[in-house]
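Take a look at the structure below.
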Amino acid sequence: MINHLHIETHSFFGLKPGPKVLVLGRVHGNECCGTLAINNVINRIQNQLVNITLGKVTFVPISNPLAAMRGTRNGDRNLNRAFYPKGPTRNDFEDELNDILCPILEECDILLDLHSFLNGVEPFALIGNTSGDKKAFVANEEKVYTSETQLVSALDVKTVIANWSETYTRGVQNRRKRDRVLNPPFSLNYDEKYGDGTTEYARSKGALAITLECGQHEEVSAPLVGENAILNILRFLRMTDGRPNSVVKSRKVNYISLFDVIDKISQGDKFTKNWKTFMKIEKNEIISINEQGKELRAPKDCFIVFPNQNAEPGQEWFYLGERI
Ligand SMILES: [Zn+2]
């Protein structure tokens, strides 16, 4: 039985100094894989199948207990948007969660946020950007430098998406211009900070952060993808003993950098295909036709990312990305 009156966390402290890792599960209440993955890892640690020898790892198995109790994505709203402390201006359940979770995120050096998706094929990860900004840690008296691109290489994913946050912010600025909404206060649709989720908040406090989409919501292998990701990150950071990293190092990772987000404008706007994330689009290919019959064509060879057939008018409809 899930209790939505509190948040439960589990921490393990190695006896030697090292990085502080935070793993979040079920930021979206219907994405159970993160909770299952975390519980399996806790179980392994408690049974001494894995030992945390340095640093600190904290697990939040259920980050949004109201949504989890209902089995829905959101409680009152999407917890992975407008993620920052609300203080006295709290006005929904997720605002209350922000005030509990933000200080926990502020403490971490590395955040791994485990999710699952509705439509799609393979697991993928999201990072901030590919510039390779490094962060230094002391691990067992030794200074270790790592970046989000290095950390993501320890995960078993073929595709990594970058630049979501910048693209989202630019999209909001275009939306404001289009709708002539130029002066604050901005409602959520026009708020650049609305795009900030867990990873953006952690990065703003100096952490490295990765979102891992472990597979489809009901995919039986999704919890294992999450479990391996947690163990591989901990091993990569030398925080555990045990077997060496089992990731196939020769696997090629495709980086897709998002460069545009397109809003749906009217209810009658239609896709020309049943687009799915990572489908290829050729330059000049028609992606959609709006209510007035105007075609929208791809500006260059690219990929479609997060197409949402059910988007509301005025909301983001799909993203375009290119391989880098
Ligand atoms: Zn999610």
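The values are calculated or read from the model by the stated rules, or taken from the named source; none is laboratory data. Bear in mind that the values here come from a model prediction, so they are computed numbers and not experimental data. Every residue, glycine among them, receives a Cβ derived from its backbone with ideal geometry; neighbour counts consider all protein chains shown.
Quick rundown of the values:
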| read-out | value |
| --- | --- |
| Odd one out for VAL121, checked against (1) part of a loop (DSSP other than H, G, I, E, B); (2) within 16 Å of the ligand (Cβ to nearest atom) | (2) |
| Within the stretch 30-84, considering residues that are outside any loop (DSSP other than H, G, I, E, B) and within 13 Å of the ligand (Cβ to nearest atom), the one surrounded by the most Cβ atoms within 10 Å (Cβ to Cβ) | GLY34 |
| Matching residues, the stretch 182-203, being surrounded by fewer than 17 Cβ atoms within 10 Å (Cβ to Cβ) and over 15 Å from TRP164 (Cα atoms) | LEU182, ASN183, PRO184, PRO185, PHE186, SER187, LEU188, ASN189, ASP191 |
| Residue within the stretch 10-17 that is more than 16 Å from the ligand (Cβ to nearest atom) and free of Cβ contacts under 8 Å to residues at least 12 places away in the same chain present | no |
| Selection from the stretch 243-263 of residues that are more than 23 Å from PHE124 (Cα to Cα) and either modelled with pLDDT of 95 or more or touching a Lys or Arg at 6+ places or on another chain (Cβ under 7 Å) (or both) | ASP263 |
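Quick grid of which residues meet (1) more than 16 Å from the ligand (Cβ to nearest atom); (2) outside the structural domain of LEU234 (by TED's automatic domain parsing); (3) outside any strand (DSSP E or B):
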site	(1), (2), (3)
GLU94	no, no, yes
ASP99	yes, no, yes
LEU114	no, no, no
ALA136	yes, no, no
VAL144	yes, no, no
LEU155	yes, no, yes
